[in-house]
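Written below as structure tokens is the structure these notes are about.
The values are calculated or read from the model by the stated rules, or taken from the named source; none is laboratory data. Since the model is a prediction, treat every value here as computed from it, not as a measurement. Cβ placement follows ideal geometry from the backbone for every residue including glycine, while neighbour counts extend to all protein chains displayed.
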């Protein structure tokens, strides 16, 4: 158990096509936990381009990253290409084997699944990809943050902030999490009730699903192939 | 007026010590507006280090950035050093003079103020620095998103998501904003009522203010000096 006195090494996977907000939301929260040392990790240190076009800089490579107490895997369109990437899967598995907390935001849970870490586990995911978790033996859960043992997963994109605060509370206690919530002024006022398909209604939901249809087909195929490689 | 057909050039100022979430929240939203071309701008293209340690890559410099329809200035501890930076103030003023929307998140409004853009205007800011806006002749407003003419400002850090969705609705209509809200699954569930000093309570608020006391003193002095340079 990490205390306030010991450093808490939290590693955030970054990769081409990551959803920047999936990563930056929890990073903004967890980097404020006392003693936290945040690492942004990819195959090697250096810049990668997020899905929105923003360049993010990995400060550690898989081989020079210190042992992590927290592994956080964000999602994004680029996650599909990681599902059969041996280097990435090996890093995730080896890190998860010794981390205290193994976590994901959004479609990052698909990578945890592909790494074999979600078999029989409850997990969250972006609403559009949630059911794909079943291919990895996971139980998809339509909740903002799902805690199953040492696996903590957040829903789509912005859920990373709720996820980060929940995890901060687990790690350092409610008062630390509350102080962080105040520091980042997290008193959300969504302008619409449109954050779920039910709230947004069938017309808006169909529009979003239509815009994403090609990617979702591609993703479903990649997930099926990754699950096939895992075997029964 | 930018239509769906014309490109919408949205520029996000990035700088050393920026609060990454101030920038990435609205970028995640606005980059999804149809026709949006997002630019991440600093004195020159290249990496800068955000307050949390994350490296962010500017993709345009002040001199090679295209004319912007939207200027967005995020906040963060690094904003203090910009308040007397002639290059930055000149870029902000020149861009604001022709942009359709001049915007800020968190303490980014202090830079708009130092650039002389908030005189007689209502504006939002991070709760801890909100009153400093008065030095620039602005009226600080304790709201999540403040719209005064073509100036749109968001409150602290996470307010950037609410801000982004409100601005997306102004630019492209409610249905576009709702679709974006659904795509980023923005159905927040803060774990605590701690996003404002009132909600968090006096003990937590005092803790956060104490942690930030040195920075706030430094900031107040920089703001006073910047306002002094503006003259009466």
What number goes with the only condition from (1) facing another protein chain (nearest Cβ under 10 Å); (2) within 23 Å of residue A:34 (Cβ to Cβ) that residue B:168 does not pass? (2)
For segment A:75-89, does any single residue satisfy the condition of being buried (at least 23 other Cβ atoms within 10 Å of the Cβ), over 15 Å from residue A:222 (Cα atoms) and in contact with a strand residue (DSSP E or B) (Cβ under 9 Å, 6 or more places away or on another chain)? no
Going through segment B:8-40 one residue at a time, which ones are in a strand (DSSP E or B) and closer than 17 Å to residue A:57 by Cβ? B:12, B:40
Of all residues in segment A:11-25 being at the interface with chain B (Cβ under 10 Å from one of its Cβ atoms) and touching a helix residue (DSSP H, G or I) at 6+ places or on another chain (Cβ under 7 Å), which is nearest to residue A:97 (Cα to Cα)? A:12
Conditions (1) farther than 22 Å from residue A:196 by Cβ; (2) under 17 Å from the mean Cα position of the chain (by Cα); (3) free of Cβ contacts under 8 Å to residues at least 40 places away in the same chain; (4) outside any loop (DSSP other than H, G, I, E, B) -> residue B:199 fails only (2)
Any helices (runs of 4 or more DSSP H) falling wholly within segment A:101-193 and containing at least 2 residues that are under 15 Å from the mean Cα position of the chain (by Cα) and surrounded by 24 or more Cβ atoms within 10 Å (Cβ to Cβ): A:108-114, A:159-172
Unique match (being surrounded by 12 or more Cβ atoms within 10 Å (Cβ to Cβ), facing chain B (nearest Cβ under 7 Å) and modelled with pLDDT of 95 or more) among A:207, A:219: A:207
Which of (1) touching a helix residue (DSSP H, G or I) at 6+ places or on another chain (Cβ under 6 Å); (2) touching a residue at least 12 places away in the same chain (Cβ under 8 Å); (3) over 17 Å from residue A:78 (Cα atoms) does residue A:178 not meet, given it meets every other one? (2)
Single unsatisfied condition, residue A:39 versus (1) crowded, with 17+ Cβ neighbours inside 10 Å; (2) touching a helix residue (DSSP H, G or I) at 6+ places or on another chain (Cβ under 7 Å); (3) under 20 Å from residue A:157 (Cα atoms): (2)
All-but-one check, residue A:50 against (1) under 19 Å from residue B:53 (Cβ atoms); (2) free of Cβ contacts under 8 Å to residues at least 40 places away in the same chain; (3) within 13 Å of chain B (Cβ to nearest Cβ); (4) surrounded by fewer than 23 Cβ atoms within 10 Å (Cβ to Cβ), failing number (4)
Please determine, by comparing only the residues of segment A:60-84 that are assigned to a loop (DSSP other than H, G, I, E, B) and in contact with a helix residue (DSSP H, G or I) (Cβ under 7 Å, 6 or more places away or on another chain), which one is farthest from residue A:18 (Cα to Cα). A:67
